[in-house]
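Peer 1: One structure is given below, represented as structure tokens, and several questions about it will come after.
The values are calculated or read from the model by the stated rules, or taken from the named source; none is laboratory data. Everything numeric in this text was worked out from a predicted model, so none of it was measured. Here the Cβ positions follow ideal geometry from the backbone for every residue, glycine too, while neighbour counts run over all protein chains shown. The protein model used for the area step is the full one, side chains on, heavy atoms only, and it has no ligands, DNA or RNA in it. Shrake-Rupley method; radii C 1.70, N 1.55, O 1.52, S 1.80 Å.
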Amino acid sequence: MTVEIELKFIAAPEAIAALPGKVSTLKSRHSAPQQLTNIYYETADNTLREQGIGLRIRGFDGQYEMTVKTSGKVVGGLHQRPEYNIPLEEPVLDLARFPAEIWPEGCDVAMLQAELQPLFKTDFMREKWVVTYQQSEIEIALDQGAVQAGELSEPLAEIELELKEGNVADLLHLAAWLGEEGGLRQGGFSKAARGFWLARGNGARKIRPIPVWTPPAKATVEQGMAGVLEQALSHWQYHEELWLRGDKQARHAMIEALGMVRQALALFGGLVPRKATSELRNQFNALEPQLAEPEANAAALCFSTDYLKCKLALTRYLANAEWRTFVDEKSRKKLDGSFKRFADIMLSRVAADIKEAFSQPLTDEGYRDQLPRLTRQIIALHLLAGAYPQSAWQGYIENWQALQQSIVQQQQAWLEAARKHAVQQPAFWLNGAPAKAD
């Protein structure tokens, strides 16, 4: 078993053309292009996918390899996950050769193998360079080909950076260097994800609402901070793909995702000094006006240098836990504290703020003036509410969203009723009285 650490990019033609010249300035070992065919397997009821497992057989130069990738961690386009590789003499599955512990408890491996069928395949030409960059050895792979499921297919043009030896910080710095002239974007959908979607018929993907982050049991404040930022990045990645595929409404969800990051930085700002996030905020300041432009061109923006810098800055902040360098002992103890207790305090502050804003009836102009404030705090509610069951927070958030929609759609007849209903709601969290600032 190895732990694969990769950073995946979708590459525009100009970035592909420039790659050999960029790499030639580094100390590197080049491998000639090689044709690869990967066949992915699944059961009729998606047993493997539900367990976060991917299974394929790869063929190259008359050789074969069987690979299982189990669920790991994905931050932006940075993938960190366990990988098991078994050489084969012929392209036939033999699951018994994998370690027994990789399968779900109670799994009948022989029965599972009998139920597996080829689902889709990827055919592509791979060209590789292994480079020495700072303190690390990193493989750069250029993949060009197609993903195919039955009669459906879509083109594949990716650049993958895999850490062979060294540290993730070097991997991310190399990515930023390669993307200095634009033409790269962090891929939101992997080859496998695209293949599974094609196998289901390639239907339209749906816009997702702002997610509520669900913390693990006994989560710390630091886990909460990282968790909501990772979820914001995932929300951003998903809707970027939809926008590029022609869904114009997805741009608004991307703006929401950037708002999630902004609100997360504000909520945890009392524990993490502003200097820890100064670069990140600067990148967002550069990107947000471009994304807010109604006539923004999806491909031009998503493959731009500013866009890549911003997303890489957030990925690097999370992957390297960059805030830790700036945190003193007092804040460190608070970050080690209970996320649920922190969420209770912050929920009270958020509620107090929006109730104050809408404590009295407002003019039409007054409602519009308060709309950005309301939007920010609705996002904050989503970031904090997950320590409680959905039945507790769903109605509370929906009532504030109903007021938000009444303002946006200028539904004057509903505004006063929506305001009263939202303001008069009882707290769903523990000790719901407004908390004093530290």
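Peer 1: Count, please, the residues in region 275-322 that happen to be touching a residue at least 60 places away in the same chain (Cβ under 8 Å) and open to solvent by less than 20 Å² (accessible area, probe 1.4 Å).
Peer 2: Counting residues in region 275-322 that are touching a residue at least 60 places away in the same chain (Cβ under 8 Å) and open to solvent by less than 20 Å² (accessible area, probe 1.4 Å) gives 10.
Peer 1: Among 236, 243, 197, 213, which is of a type in the set (Phe, Trp, Tyr), open to solvent by 10 Å² or more (accessible area, probe 1.4 Å) and modelled with pLDDT of 95 or more?
Peer 2: Only one candidate passes the filter, namely 243.
Peer 1: Next question. Within region 156-172, can you find the residues that are in a strand (DSSP E or B) and under 22 Å from residue 311 (Cβ atoms)?
Peer 2: Within region 156-172, 156, 157, 158, 159, 160, 161, 162, 163 qualify.
Peer 1: OK, next. For the subset of region 1-54 comprising residues that are within 26 Å of residue 166 (Cα to Cα) and of a type in the set (Asp, Glu), which member is nearest to the chain's Cα centre (by Cα)?
Peer 2: Across region 1-54, the extreme among qualifying residues is 6.
Peer 1: With respect to residue 9, is the statement that it is at pLDDT 90 or above, crowded, with 17+ Cβ neighbours inside 10 Å and touching an Asp or Glu at 6+ places or on another chain (Cβ under 7 Å) true?
Peer 2: The answer is yes for residue 9.
Peer 1: Of everything in region 122-141 that's within 24 Å of the chain's Cα centre (by Cα) and not acidic (Asp, Glu), which residue is surrounded by the fewest Cβ atoms within 10 Å (Cβ to Cβ)?
Peer 2: Checked region 122-141; the qualifying residue surrounded by the fewest Cβ atoms within 10 Å (Cβ to Cβ) is 141.
Peer 1: Now for a different question. Tell me, which helices (runs of 4 or more DSSP H) wholly within region 326-438 include 1 or more residues that are on the phi < 0 side of the Ramachandran plot and either of a type in the set (Lys, Arg) or in the same structural domain as residue 235 (by the TED database) (or both)?
Peer 2: Values: elements: 329-335, 339-357, 364-384, 390-408, 412-423.
In region 326-438, the matching helices (runs of 4 or more DSSP H) lie at 329-335, 339-357, 364-384, 412-423.
Peer 1: Another question about this same structure. State the number of residues belonging to region 247-264 that are open to solvent by less than 60 Å² (accessible area, probe 1.4 Å) and out of contact with any helix residue (DSSP H, G or I) (no Cβ under 7 Å at 6 or more places or on another chain).
Peer 2: Selection size over region 247-264: 1.
Peer 1: Residue 61: among the acidic types (Asp, Glu), touching a helix residue (DSSP H, G or I) at 6+ places or on another chain (Cβ under 9 Å) and more than 17 Å from residue 190 (Cα to Cα), yes or no?
Peer 2: Criteria not met by residue 61.
Peer 1: So residue 144 clears everything in (1) surrounded by fewer than 22 Cβ atoms within 10 Å (Cβ to Cβ); (2) at pLDDT below 95 except one condition, right? Which one?
Peer 2: It fails just one condition, (2).
Peer 1: Continuing with the same structure: Look at region 61-107 and say how many of its residues are among the aromatic types (Phe, Trp, Tyr) and open to solvent by 60 Å² or more (accessible area, probe 1.4 Å).
Peer 2: Count: 1.
Peer 1: Do you know which residues across region 23-32 are part of a loop (DSSP other than H, G, I, E, B) and in contact with a strand residue (DSSP E or B) (Cβ under 6 Å, 6 or more places away or on another chain)?
Peer 2: 26
Peer 1: Continuing with this model, one more query. Might you let me know whether region 153-164 holds any residue that is over 16 Å from residue 192 (Cβ atoms), in contact (Cβ under 8 Å) with a residue 12 or more places away in the chain, surrounded by fewer than 16 Cβ atoms within 10 Å (Cβ to Cβ) and within 25 Å of the chain's Cα centre (by Cα)?
Peer 2: There is at least one residue in region 153-164 that is over 16 Å from residue 192 (Cβ atoms), in contact (Cβ under 8 Å) with a residue 12 or more places away in the chain, surrounded by fewer than 16 Cβ atoms within 10 Å (Cβ to Cβ) and within 25 Å of the chain's Cα centre (by Cα).
Peer 1: Follow-up. Residues of region 351-379 being over 25 Å from the mean Cα position of the chain (by Cα) and polar (S, T, N, Q), which ones?
Peer 2: Answer for region 351-379, where residues must be over 25 Å from the mean Cα position of the chain (by Cα) and polar (S, T, N, Q): 359, 360, 363, 370.
Peer 1: Scan region 281-302 and give yes if some residue there is within 29 Å of residue 393 (Cβ to Cβ) and part of a loop (DSSP other than H, G, I, E, B), otherwise no.
Peer 2: Narrowing region 281-302 to residues within 29 Å of residue 393 (Cβ to Cβ): 281, 284, 288, 291-292.
Add one more test, that the residue is part of a loop (DSSP other than H, G, I, E, B), and what stays is none.
No, region 281-302 contains no residue that is within 29 Å of residue 393 (Cβ to Cβ) and part of a loop (DSSP other than H, G, I, E, B).
Peer 1: Turning to a different aspect of this structure: Got a number for residues in region 33-54 being more than 19 Å from residue 122 (Cα to Cα) and either in contact (Cβ under 8 Å) with a residue 40 or more places away in the chain or touching a strand residue (DSSP E or B) at 6+ places or on another chain (Cβ under 9 Å) (or both)?
Peer 2: Here the count works out to 4.
Peer 1: Could you check how many residues of region 358-378 are within 30 Å of residue 222 (Cβ to Cβ) and open to solvent by 10 Å² or more (accessible area, probe 1.4 Å)? Spell out how you get there, then give the answer.
Peer 2: Step one: list which residues in region 358-378 are within 30 Å of residue 222 (Cβ to Cβ), which gives 372-378.
From what's left, open to solvent by 10 Å² or more (accessible area, probe 1.4 Å): 372-373, 375-377.
Selection size over region 358-378: 5.
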